Every structure is written in structure tokens, then in C-alpha cells.
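Participant: Below is a structure I'd like to ask you about.
The values are calculated or read from the model by the stated rules, or taken from the named source; none is laboratory data. What you see is a predicted model; the values in this text were computed from it and never measured. Glycine gets a Cβ as well: all are built from the backbone with ideal geometry, and neighbour counts include every protein chain shown.
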């Protein structure tokens, strides 16, 4: 931490930029942790700065760069990789930059500032019959800037792609305080290198995303889910492949493994499925098409040996997705805490990965629960811990390390959508290889030569 | 050009890597030009090298980097921006690397080498009921590596995105001769910066793409086009917006302007439409859905004031797309040559851009013909020239410059899908701005510190 007199000087300079109400010191605790708080992760920072415009962000970065102050950018603070946990310097919160700059429903596009909550964006476009497909968890809290900075996914990334697929333009501030824009309200642009792709998913380590232009699509008339229960993960993973062979493009292919389903099955709309491995899929499109698709998917689940099938209608559909969104917090509630990872593997290695994730937990005396985006080979595995049980926490950390090794051995990655953040840095080199890592370092240096943007991350 | 003795030394060293049959010197002329040959663009090179494997590419790059030899990578040579036109050094052709390394139809993925012709890839996956959606022109000649290196688009990029959306992994050789892989047979991976995005569309200036993992989707059961004729570009562009407001997601929204239609209308299946501005769209999905979608699109065209509507069926559909693919060569044939550009603008500026493109031609005494991907705001404008008419050629170059300025003024870009290549370098800075350009330079330096990869491009 910096000395008081120095902190006072920065406070004054930053308040001159963003206004007195936009600087908070000492940093309030809620700005020092994110979705990893449950595993005890908390950072430190001297000041919290809340700019209200892109120009203010540029001036803040300029001040910080001139004074060697680190900057951790924070959106909604819902990340699961510690990406928003500061390691000193300032926290730059984007919450005051939440305007919709332009919305052209007839042209399927919107221009918004980084701090707009994801759910607010989704509601806004839905009101005009449109859809912004990325649907990461915690949409009420998360902000679109954070979704872009992590290239967020969600269940429907299976059919619709991750956030990157929907960003046509980015406005960002890069060191030493310049505003750069790439793309715009354009659907195609191949002039220059893909700065949009670089900034998307860079977790605040290359620049600070201040606004984005997003592509939208007409909302499907109907989206009809169907769930099937299988005797175990082998049969469930075979069902996932059967869905891919059904001729239909499912809107999502989710799964909930046996231990997770045992913990959260109550609350499933229409009554808990029996014990087993749950596969949840959905067909969307026009009303007729969704029905035909849902029937084809149901048939595929049936032929794959489902022991129970449910296809909710009407209000049951909303209830099903509310239930799906509740899995993560409810699993946390089982023991009070969890270490949650999100490795991804090629789809044909899913069964192996799931078996391995459970075995790893067993070896460390931990309950393991997994769910996630089966169609994308994206596994969210949680090892349950009781808060304050240091031994259990340590064993869970070791289990996560083994899980990363397993994913890499299966040709997968240490993170499908949550990001590298603080937590997976040591595995990044393993995933990238020496040449890839050298390029990553070189890119970082090109954007942030002083290494002040979100240090210790990515 | 290098001295004969030096060329001989390199010939020998490179032949030791790729075999004597894989080195050609002097460079055959067909390796010195690309799709821009019609405007007289030809480069120069000392040698052509045709490696047969990734390891050979790495060894070639190692030799070139150690000896300060420039490398221009060449796929099918169908580019329209001069990206494959060498400016000295060697041409590295990928045609001998055309293997399918793995094809997993049930998992919707394929792993192929860079030299595989695009049309061959498309046929192969179609044989298993799948589809690789990018459909740039000249698919028989173009190679998948070139599609990736230019982030190629095509009509169906409107619904399905450009090549980038389908690449889940890249294997590339980067200076000074290292093999780097990013992603793989994975559908999601956010570990590290987006090297896939960076290499895609980088036109051989950052690395040499040797193989890619591609995502596929089940082919739609049916794809039903419908075309409408409008009195002029204003009415036609209004129809484009009406299609976007129809509630259907069209698979494509193409247009052919009045002068182009006058030149190529003959051959339109079922007989030439009368004079006017043609809008061509398509609905795909299950048979029933395609019919319902096509009817909705037809209604939108009708309500937008189409004076003539055609909705081919059966063999007529293939004939329609064959006709669409023939527009570019047939426009070339009108005067023997053309300067073809592909600016892109926000969709709501399309009418202005089209009017401007024609006016620019008029001011320079040139016939202008435009067609392209209206839904993406992507305009292919050609200024016709007679081969050998130096004055006309010069006026056409000036017209293209004005077209670039116009696109930028309308908030657009100098290239929607063809790339920067040799031809649009002077406009790149204008599009990127100083901060964007600085980042582009820094990225280039990070990958290719000696500046030997495709010098003079990008």
C-alpha cells in the first residue's frame, strides 16, 4: 500500500478528473473481491475510481501511467477466476458508464457503454423482438464490459457462439491513455489486425473497454427445452453425441451430473427427476420449427436410453431456466463454499473428463459436483469446501490443479469461459506452449509496456 | 533480385528441406500474380518453395529468417487485394499440404491442412450431411488456408458469420521458424489472447497458417431463395431493411445494381429480370421452415414495392447460385478488365454508398457496376477498364481512392472481406487512427520482428 500522503495526492488528482464522488479511499471491501470470494480470495487497492465517460477513463489511465499506478478494471464483479481482484493500485469501476448510446432495432444493432448490466441489455433488446444471445450466469449483476473482457459464454453459446461473435466494434482506452476504436456499427471489417478479438477476453490486461457495438438477431418465436435422465455419465455423454447426430442444431446441450443433481434436483419444475445424470437441451425457431426440433431431440434422448424425459411447456420453461441458473449458488450452499473450475475438452473426451473430475475429488476426500455446457465440452466442476476449513481448502486447491492437468492431457483447456484471472496463471504456459507464451507476452508488452493493466492476471 | 550465385545457394538449401521437386527457380509467372492480375498487378520473386508438411514450413521459415529472405505465402491465388503478389524473396505455396488430418462428422468438426481447396472441403463435409458455411467466390481455386488468412466471407456470412466464426484451432509457423498451435478440436477456449483471431485475416503478415480445426454444422434441409426487382437503389436498399424487419433471419441478402444487372441479367434462371436493382435473399432450415421463411421474405419484398419477384425451385436454385457466382467474371468480360473493390458501410448508409460509387465512376468517365452482400453493408464495386488503356486504368485507380474515402466518411471500412493486401495500405492508417495503427505495428513487430512475412502488405 502506498503512503498516506501519496494516496492523498492521487486521490486529489483523480477527483479532479472524475469528481469527488467518483473516488473512494480507502477502497471499500466490496471492490476487493469477485465471484471467487467464496474461496477466500481478496485483493488490496489504494483507491477506487468510478469514471463517468470515456474521456475520464483516458485521463485516469494517463494519470496512472505517468505515476506507475496499477489499474484493475471491474465490471459487475461476478467473475470466477479472480480477474477483478486487485493486486494493489486502483480499482477502476465501470458502473457509472451505463448509457445506451444508440439502439437501432430495425438494423439489429446496439451501441452501449461497458457498465450496462447484461440483463438490462437483454431486456431492452427483447422489448424490440431482438436477442443478444450470450447468457452467462449472474446476468443481473454482470456488465456487458465484463462479458466482453472475459468473452463470456453461457448455455446458448453452443448454437450462438460466445460474446466475441456478437461484438462488431469496441471503444477502449489503452496505455498511456489513448482512446482506440476498432470496428463499429459495421457487420464486416478486415482492415488491420483483429483488435476486437484481442481485447475481447483479455481480462483488462490490454486495455479498458469503455463501449461496444453489438450485433443482435431477431428473437426466436419459441424455444422448447427437453430434459432426459441417464443412468450415469457414460450414457449421458453418449446422449450428448446422439443429440449432435439428430440433424437438429440444438440451441444448447447442458448436463448436470449425479452428485449435483442429487443436491439441486428438488426444485426442478414438475418434481425432481430420479437419481441420475441429467441432459438438458432445447430447440428454437418459429413455433412449428421449435416443436419439430424439440420432438427430434426428445427422440434422440429416448433412443440414447433416457430413463425419464420431461418437456416443460409455458411457465414451466421459465421455471426450468430459473432452476438451471440456481445450480451454482445452491451447490455453494451445500457446504458453504466451493472451488469452481471450468475446463473444456473436445466433446468426445467429455465422459473421461467427468469421470476424472469425480475421481480427483474422491482421492482428496472432497465432494465433487459437475454441470455445464456439454455440447461445448465445457465442464464446471466444483469441489465443495466448508468456509474456514483450511485443510479442505488446500485439498480442493490441489484437486483443481489435477483437474487442469487432466483437461490438458485430454487435449482441452484450463478455461472454457471463465478466464485465466489470478487462479490459472500457472497453467497458462502449459496450455500455450513456449511459442504461444512468447507471443502472449509480446502482445501484452505492445499494449501495456509498463505492465500496469490488471497486473498478476492473464 | 538476388545474384545468381546467391539464388543458387538458397535453391540448394531449400531443396534440401522440401525436395528438389518442391523448389522452382526462376519463379514461374503464375506464382507472381493473383486475382488482381486483371488490373495489371504482378510481383517478383527469386524462388517458389512448395513444402509438404508443417515441419518443412518451419525449416523454410528458419532458413529465410536466418538469411533475411522475404516470404509471401500463397494459397489459391484468388485474392482481390494483391495479398499474394510477392515483392521479392520467396513465394511459399501451400498446395502440397492438402491433407484431411481428421474428420469427425458426428462431432461436427474437421482438421485440415491449409492447402485443401475450399470447394473440396465443402463437398467432403456435405457428403456427411454437414456444412462449412463460408462461401467466398472462386471456391474451386481458393484454399482453406487462404480463406483463413483473409477471414473470407461470402453471401452466407450474413447469417453464418465469416471464416473466423468457424475456426476453433490454428497451427501456424511463426518467425524465426516455430510451430505454434492455438485452440484445437475444442469449441471453447479463453486461455491466453486470441491468437486464432489475430492470425485469421492477417494475410500472411504474422505467420504461415499450416492447418486448421474447423467447426461445422448440420446442413439445412432446404435453402429457398427469392429475388425481387426494384426501380432503383433507394428502393432496393429500403427492401434490404424490410427483409431485416421481416422477423426471419435471412441466410443472405445480396444485391445487384442496375448497370451490373443490365450486363449479366441474361442467364438469370427463367429469363432476365427487367431493368432494375435486384435484391436476392434466401430462407433456410427444415423443409417446412424454409418454405415459411421464403414466403415471409417474399412478402417483405412485395410490401417494399418489388416490381417483379422470382422464387426458383429445384434445379433453378442451383442455376441461380451458379449465375450469382458468374457475375464477377462476366463483369470482367464486358471490357476485358475491372478494378474491383469491396468497401463496407453500416447498412443504413448503403444507399448513399451505392449512389456515391456510381457518381464517382461518372466523374471519371468510367462504367461502374456494383453487387455484393447488402445485408452486411458490403459493396463490391467494379470500375470497368479495357486492358492496356493506361488512361482509363489511372482514372479507375483514382475512382477507387475516392470510393475508399467515401466509405470511411460513411463510418465504413475500406475492405469488408478482401483484405488490405498491396492495394489498400495507404488507407489503413485512415481507418485505424493513430492509436490503432500503433497497435497494428506493435503486433506485427511482436510476430515478425524482421518484417519478412509478406512485406509491403497489411
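Participant: Would you check if residue B:424 is under 30 Å from residue B:67 (Cα atoms), crowded, with 22+ Cβ neighbours inside 10 Å and within 14 Å of chain A (Cβ to nearest Cβ)?
Facilitator: yes
Participant: Okay, moving on. Being in contact with a helix residue (DSSP H, G or I) (Cβ under 8 Å, 6 or more places away or on another chain) and more than 7 Å from chain B (Cβ to nearest Cβ) is the filter here, so list the residues in the stretch A:406-421 that pass it.
Facilitator: Scanning the stretch A:406-421 gives A:406, A:407, A:408, A:410, A:418.
Participant: Still on this structure, I have one more. Going residue by residue through the stretch B:43-59, is there one that turns out to be in a loop (DSSP other than H, G, I, E, B), under 21 Å from the mean Cα position of the chain (by Cα), crowded, with 24+ Cβ neighbours inside 10 Å and touching a residue at least 12 places away in the same chain (Cβ under 8 Å)? I'd like the intermediate steps shown before the answer.
Facilitator: Step one: list which residues in the stretch B:43-59 are in a loop (DSSP other than H, G, I, E, B), which gives B:43, B:45-46, B:50-53.
After this cut, where a residue has to be under 21 Å from the mean Cα position of the chain (by Cα) as well, the list is B:43.
Add one more test, that the residue is crowded, with 24+ Cβ neighbours inside 10 Å, and what stays is none.
For the stretch B:43-59, residues in a loop (DSSP other than H, G, I, E, B), under 21 Å from the mean Cα position of the chain (by Cα), crowded, with 24+ Cβ neighbours inside 10 Å and touching a residue at least 12 places away in the same chain (Cβ under 8 Å): absent.
Participant: Return a yes/no flag: does the stretch A:283-292 have any residue that is under 21 Å from residue A:371 (Cα atoms), within 14 Å of chain B (Cβ to nearest Cβ) and under 27 Å from the mean Cα position of the chain (by Cα).
Facilitator: Yes: the stretch A:283-292 contains one or more residues that are under 21 Å from residue A:371 (Cα atoms), within 14 Å of chain B (Cβ to nearest Cβ) and under 27 Å from the mean Cα position of the chain (by Cα).
Participant: While we're here: Quickly run through the stretch A:381-392 and pick out the residues that are in contact with a strand residue (DSSP E or B) (Cβ under 7 Å, 6 or more places away or on another chain) and either at pLDDT below 95 or surrounded by fewer than 24 Cβ atoms within 10 Å (Cβ to Cβ) (or both).
Facilitator: A:384, A:385, A:386, A:387, A:392, listed by residue number.
Participant: More than 24 Å from the chain's Cα centre (by Cα), crowded, with 20+ Cβ neighbours inside 10 Å, without any contact (Cβ under 8 Å) to a residue 60 or more places away in the chain and over 29 Å from residue A:109 (Cα atoms) - does that describe any residue in the stretch B:393-403?
Facilitator: No, the stretch B:393-403 contains no residue that is more than 24 Å from the chain's Cα centre (by Cα), crowded, with 20+ Cβ neighbours inside 10 Å, without any contact (Cβ under 8 Å) to a residue 60 or more places away in the chain and over 29 Å from residue A:109 (Cα atoms).
Participant: Identify all residues within the stretch A:177-196 that are assigned to a strand (DSSP E or B) and crowded, with 24+ Cβ neighbours inside 10 Å; write none if there are none. Spell out how you get there, then give the answer.
Facilitator: Kept after step one, since they are assigned to a strand (DSSP E or B), are these residues of the stretch A:177-196: A:178-183.
A:182, the sole residue that qualifies.
Participant: Select from the stretch A:87-119 the residues that are part of a helix (DSSP H, G or I) and within 23 Å of residue A:187 (Cα to Cα) and write down the one among them that is farthest from the other protein chains (Cβ to nearest Cβ). First the steps, then the outcome.
Facilitator: Narrowing the stretch A:87-119 to residues part of a helix (DSSP H, G or I): A:105-107, A:118-119.
Right, trim to within 23 Å of residue A:187 (Cα to Cα) and you get A:105-107, A:118.
On the way: A:105: 9, A:106: 5, A:107: 5, A:118: 17 Å.
Across the stretch A:87-119, the extreme among qualifying residues is A:118.
Participant: For the stretch B:197-220: of the residues being at the interface with chain A (Cβ under 8 Å from one of its Cβ atoms) and touching a strand residue (DSSP E or B) at 6+ places or on another chain (Cβ under 7 Å), which is surrounded by the most Cβ atoms within 10 Å (Cβ to Cβ)? Break it down into steps so the answer makes sense when it comes.
Facilitator: Of the residues in the stretch B:197-220, the ones at the interface with chain A (Cβ under 8 Å from one of its Cβ atoms) are B:197-198, B:200-202, B:206, B:217-218.
Within this subset, residues satisfying the condition of being touching a strand residue (DSSP E or B) at 6+ places or on another chain (Cβ under 7 Å) are B:200, B:206, B:217-218.
Values: B:200: 27, B:206: 25, B:217: 16, B:218: 17.
The qualifying residue surrounded by the most Cβ atoms within 10 Å (Cβ to Cβ) is B:200.
Participant: I would also like to ask the following. How many residues are buried (at least 24 other Cβ atoms within 10 Å of the Cβ) and not in a helix (DSSP H, G or I) if we restrict to the stretch B:140-153?
Facilitator: Number of matching residues: 4.
Participant: What are the residues in the stretch B:223-248 that are surrounded by 19 or more Cβ atoms within 10 Å (Cβ to Cβ), within 16 Å of residue B:290 (Cβ to Cβ) and touching a helix residue (DSSP H, G or I) at 6+ places or on another chain (Cβ under 7 Å), if any?
Facilitator: B:223, B:224, B:225, B:226, B:243, B:246, B:248
Participant: Can you tell me how many residues in the stretch B:163-178 are over 14 Å from residue A:151 (Cβ atoms) and at the interface with chain A (Cβ under 7 Å from one of its Cβ atoms)?
Facilitator: The number of residues fulfilling the criteria is 2.
Participant: Next up: Out of (1) more than 19 Å from the chain's Cα centre (by Cα); (2) within 14 Å of chain B (Cβ to nearest Cβ); (3) surrounded by fewer than 18 Cβ atoms within 10 Å (Cβ to Cβ); (4) at negative phi, the odd one out for residue A:440 is which?
Facilitator: Here residue A:440 clears every test but (3).
Participant: Follow-up. Of the conditions (1) touching a helix residue (DSSP H, G or I) at 6+ places or on another chain (Cβ under 7 Å); (2) closer than 30 Å to residue A:338 by Cα; (3) assigned to a helix (DSSP H, G or I), residue A:14 fails just one. Which one is it?
Facilitator: Looking at each condition in turn, residue A:14 falls short on (2).
Participant: Is at least one residue of the stretch A:165-176 surrounded by fewer than 24 Cβ atoms within 10 Å (Cβ to Cβ), part of a helix (DSSP H, G or I), modelled with pLDDT of 95 or more and touching a helix residue (DSSP H, G or I) at 6+ places or on another chain (Cβ under 7 Å)?
Facilitator: yes
Participant: Let me ask something else about it. Residue A:158 versus (1) closer than 30 Å to residue A:69 by Cα; (2) part of a helix (DSSP H, G or I); (3) within 9 Å of chain B (Cβ to nearest Cβ): which is the lone unmet condition?
Facilitator: Status for residue A:158: all satisfied but (1).
Participant: Quick one: would you say residue B:416 is in contact (Cβ under 8 Å) with a residue 40 or more places away in the chain, closer than 30 Å to residue B:63 by Cβ and either surrounded by 24 or more Cβ atoms within 10 Å (Cβ to Cβ) or not assigned by TED's automatic domain parsing to the domain that holds residue B:151 (or both)?
Facilitator: no
Participant: Let me ask something else about it. Name the pairs: first residue in the stretch B:231-254 and under 18 Å from residue B:356 (Cα atoms), second residue assigned to a loop (DSSP other than H, G, I, E, B) and modelled with pLDDT of 95 or more, Cβ to Cβ under 7 Å, at least 6 apart or on different chains?
Facilitator: B:231/B:276; B:231/B:307; B:233/B:257; B:235/B:305; B:238/B:304
Participant: Let me confirm something: among B:83, B:19, which residue is closer than 16 Å to residue B:455 by Cβ and either over 18 Å from the mean Cα position of the chain (by Cα) or in contact (Cβ under 8 Å) with a residue 12 or more places away in the chain (or both)?
Facilitator: Working: B:19 fails: closer than 16 Å to residue B:455 by Cβ.
None of the others qualify; the one that does is B:83.
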